[in-house]
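As structure tokens, the structure follows; a few thoughts come after it.
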Amino acid sequence: MAAELSTSINIKEPRWDQSTFVGRAKHFFTVTDPRNILLTNEQLAHAHKIITDYRQGIVSPGLTEDELWRAKYVFDSAFHPDTGEKMILIGRMSAQVPMNMTITGCMMTFYKTTPAVLFWQWINQSFNAIVNYTNRSGDAPITVSQLGTAYVSATTGAVATALGLNALTKHVSPLIGRFVPFAAVAAANCINIPLMRQRELQHGIPITDENDNRIGESTKAAQQAITQVVVSRILMASPGMAIPPFLMNHLEKKAFLKKFPWMSAPIQVGLVGFCLVFATPLCCALFPQKSSMSVSRLEPELQEKIRANHPGVERVYFNKGL
């Protein structure tokens, strides 16, 4: 009879060493696996039960270590790490590749007319707003007003950037025009993410010691977390929006696409999807999910509080969000 699985496995942390880029990449290839969006409510509930039971020291009969880790990643793919709530389906990281490949591919195919720019930038920012809200750091609620401000501001910024650059590129190489959607997406990320997470910038995000004991909230930690997420998101979009324009510019001169111009959109979507399958997890892995900073970089009043109440703590940790 097989021995019962030990209850000492630390499933609060990822399976692989998060102090290395390779370990983080393995983790995020699992987290962003598009197959996770096909999981049923029953499968999610089963994984939820295995993980909550295990955290209480209860091991499901016959459970293996591989099955435990699989349940942990299914659980993490659908439930918010701070609030524990089930996340909106299209806001989950496993939906990033299929959603982004479709939206980005269409943005890059239909970029020449004003109505197409307006429509696809609006679709993209609506999706971004859902993703940013779903993957926010901390357990503080965001108000409808804050949500609306971020959404409208990012959409306006993206559309203004796209239309402005389209006007400037009318008299230059068509290849340059293909990069307008990327510039608009980069600009929108710089607007959308900080605004969507403005409450964190105002009131701080939860910080803990190395043993996960909550010791306060920090706006400095929020600034670092949001900066890292903005950088990751822009770099995440880069391969899918920088490589296909060169290929499409070449392919559209060939007889095949001249004969079947309707194939341009599916080919572009496919190229973007191929890039995103790799870019999404690799760019998420650029910075540790459980980020950290020295106590000396925190707000002065928070430094004093930590030194008074937790004299041995030199670094604090926090969930940077995605």
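What pairs can you find where one residue is in the stretch 54-68 and hydrophobic (A, V, I, L, M, F, W, C), the other is part of a loop (DSSP other than H, G, I, E, B) and open to solvent by less than 20 Å² (accessible area, probe 1.4 Å), and their Cβ atoms are less than 7 Å apart, with a gap of 6+ or different chains?
Once the first residue is hydrophobic (A, V, I, L, M, F, W, C) and sits in the stretch 54-68, its partners that are part of a loop (DSSP other than H, G, I, E, B) and open to solvent by less than 20 Å² (accessible area, probe 1.4 Å) give 68/11.
When you scan the stretch 76-84, do you find a residue that is assigned to a helix (DSSP H, G or I) and open to solvent by less than 10 Å² (accessible area, probe 1.4 Å), even just one?
Looking for residues that are assigned to a helix (DSSP H, G or I) and open to solvent by less than 10 Å² (accessible area, probe 1.4 Å), one finds at least one in the stretch 76-84, hence yes.
Among the numbered criteria (1) in contact with a helix residue (DSSP H, G or I) (Cβ under 8 Å, 6 or more places away or on another chain); (2) within 13 Å of residue 284 (Cα to Cα), which single criterion is violated by residue 216?
Among (1) in contact with a helix residue (DSSP H, G or I) (Cβ under 8 Å, 6 or more places away or on another chain); (2) within 13 Å of residue 284 (Cα to Cα), residue 216 violates only (2).
Within the stretch 18-53, which residues are under 24 Å from the mean Cα position of the chain (by Cα), free of Cβ contacts under 8 Å to residues at least 40 places away in the same chain and part of a helix (DSSP H, G or I)?
Residues satisfying the conditions are 22, 23, 26, 38, 41, 43, 45, 47, 48.
Looking at (1) at pLDDT 70 or above; (2) over 17 Å from residue 195 (Cα atoms), can you tell me which one residue 147 breaks?
Among (1) at pLDDT 70 or above; (2) over 17 Å from residue 195 (Cα atoms), residue 147 violates only (2).
Test of understanding: among 129, 186, 158, 222, which residue is at pLDDT below 75 and not hydroxyl-bearing (Ser, Thr, Tyr)?
Result of the check over 129, 186, 158, 222: 158.
The values are calculated or read from the model by the stated rules, or taken from the named source; none is laboratory data. This one's a predicted model, so the numbers in the text were calculated from it and none came from an experiment. As a convention, Cβ positions derive from the backbone with ideal geometry for all residues, glycine included, and neighbour counts pool all protein chains shown. Accessible surface is based on the protein model in full, side chains and every heavy atom, while ligands, DNA and RNA are left aside. Shrake-Rupley method; radii C 1.70, N 1.55, O 1.52, S 1.80 Å.
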